[in-house]
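Please read the structure below before turning to the comments.
The values are calculated or read from the model by the stated rules, or taken from the named source; none is laboratory data. Just so it is clear, the model here is predicted, and its values are computed rather than measured. When we count neighbours, we look across all protein chains shown, and the Cβ atoms used for this are built from the backbone with ideal geometry, even at glycine. Remember, those area values only see protein heavy atoms, side chains included, never the ligands or the DNA or RNA. Shrake-Rupley method; radii C 1.70, N 1.55, O 1.52, S 1.80 Å.
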Amino acid sequence: MRGVEGFFKPAVFFVCLLPAIMLAWHGWRDLLGANPIETITHDTGIWGLRMLLLTLAVTPVRKITGWNGVMRLRRMLGLFAFFYAALHLMTYFWLDQFFFWEEIWFDIQERPFISIGLATFLLLVPLALSSPTAAMRWLGGRRWQRLHRIVYVAAIGGVVHYWWLVKADARSPQIYAVLLAVLLVVRLLYGRWFTGLLSQLFSPSRFRV
Amino acid sequence: MIIKQMADIRPSEITDQQIYRERRRFIRNASGFLVAGMASAVLHPRSAQAGHGGQSIEGVKSSSFSTKEKLTPYKDVTSYNNFYEFGTDKKSPALQAGSLKPRPWTVVVEGAVSRPGNYFLEDILKGRSLEERIYRMRCVEGWSMVIPWVGFPLGDFIKRLEPAANARYVEFQTLFDPVQMPGQKRDVLEWPYVEGLRMDEAMHPLTLLAVGLYGEVLPNQSGAPLRLVVPWKYGFKGIKSIVKMRFLEQQPRGSWTRSAPHEYGFYANVNPQASHPRWSQRRERRIGEFRKRKTLMFNGYAEQVAHLYQGMDLKNFF
């Protein structure tokens, strides 16, 4: 049992790293298409969003399946979301704009999808910084948990960032919006507030004469 | 067929061996889906002949309108396309456009002209000498290419149709056929694709009806068999696979203008000063280059076309 579990996390780690490895490989073999910088930007961005949604899926999966082992992946998945988001932002600053700060500043002001994208990344920074166990201890479990609720805002920000950048065909961002909505609704259904409400509504004491 | 009207076929003057080899290497190296898709598109039986895979066009004259800038490789010109009739990402058109049948082809001419009717592509091309025009192409999305088109001035064709005095605009329509153009099964845009020009823009000597690129017949993903090229305007004005031209008194509304009127205007002249909500238009990435370059007013064709817009505030008429 321990052997399987011990193998599990490194395997997931490797799978999460695969998109980055593939990107590097395609870059090396000149397979990124006619506009490689655009491909890198899109790829790192979409994987950041996917990792964020996977991170948000951990708790629902645990509650629905009762499999507690999945919790051990949460921090790693969250850090992968940050990793890809950071690559995405670096691609924009470096490869796309070449640190042309004046242009970047124009972009942030004029283009809502870029403003919200940057804001979303900034929201992820404190979450990544407070991910080590030491930071968690220092903050205290309660405060740490409150801080990490930011992840919901960040996930919504990520989906909106994607939605606003497409020209006409919003099908793909719509799929991510639906997935996020499902994850949030499941959370709500299994949340303390909702189950509390349910048990209040249907508690036998209410129906006593 | 275009080809039958030409004399003997000889290799295009601008077919670049190095690019050809690069393409072979690309195909060899590609893997998985990519190899299947690319190969079926590039090595399509109908176009598996010389050069880049298309049929060569004979007797093409060079033009003083051509730029001397470095050409964008054939592979990039034909694998990175916005042609929503074949899917909304840029790889799809090259992979999907095999379902389009560009022969036989008819263009319907309607509206304020003395000679309306159905024109076969062969009739449109009959007796016309084709020119190579190497133009810069600037996409509204902030990238650009240099493409050696083969075609003839749109104005030459329009003159033959004898437009009436009240023909102030020309509207163009792309084929509507969801079987040939599977992207039309989803209404991401209003189909058929519509674009338009003011009459003086249409008659301008730079405005081209293209039937080929790189010395060969247009590949399907590039708008076969007949497409518009207006080099001082953003690429979306260059409507592809044209089946209808209407001569109108009123300004037509293009598909993108209908989809997002505050983003895509009727004129769509390349203008680094007129900002777009999604992309900075101040600079552009030339495909194949790393650093961005400055975008030029009217895409560098100001000398030839600026007079068309004298007295107009181009930030309002974007």
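At a glance:
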quantity	calculated
Residue under evaluation B:S280, criteria (1) at pLDDT below 95; (2) more than 8 Å from chain A (Cβ to nearest Cβ); (3) closer than 30 Å to B:D187 by Cβ, criterion not met	(2)
B:G183 vs. criteria surrounded by 20 or more Cβ atoms within 10 Å (Cβ to Cβ) and within 14 Å of chain A (Cβ to nearest Cβ)	yes
Tally, over region A:6-35, of residues that are more than 29 Å from A:L180 (Cβ to Cβ) and open to solvent by 50 Å² or more (accessible area, probe 1.4 Å)	5
Test: A:A24 is free of Cβ contacts under 8 Å to residues at least 40 places away in the same chain and in contact with a Gly (Cβ under 9 Å, 6 or more places away or on another chain)	no
Any chance A:D107 is surrounded by 15 or more Cβ atoms within 10 Å (Cβ to Cβ), modelled with pLDDT of 95 or more and within 14 Å of chain B (Cβ to nearest Cβ)	no
Within region B:75-96, considering residues that are aliphatic (A, V, I, L, M) and within 15 Å of the chain's Cα centre (by Cα), the one nearest to the other protein chains (Cβ to nearest Cβ)	B:V77
Per-region count, region B:158-199, residues part of a loop (DSSP other than H, G, I, E, B), acidic (D, E) and in contact with a Gly (Cβ under 9 Å, 6 or more places away or on another chain)	0
Test result for B:A210, modelled with pLDDT of 95 or more and among the small types (G, A, S)	yes
Unique residue being within 14 Å of chain B (Cβ to nearest Cβ), hydroxyl-bearing (S, T, Y) and open to solvent by less than 70 Å² (accessible area, probe 1.4 Å) when the list is A:Y92, A:Y84	A:Y92
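Listed here are the residues, each with its yes/no results for (1) in contact (Cβ under 8 Å) with a residue 60 or more places away in the chain; (2) open to solvent by 10 Å² or more (accessible area, probe 1.4 Å); (3) not small (G, A, S).
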| position | (1), (2), (3) |
| --- | --- |
| B:S114 | no, yes, no |
| B:Y119 | no, yes, yes |
| B:R133 | yes, no, yes |
| B:P178 | no, yes, yes |
| B:E201 | yes, no, yes |
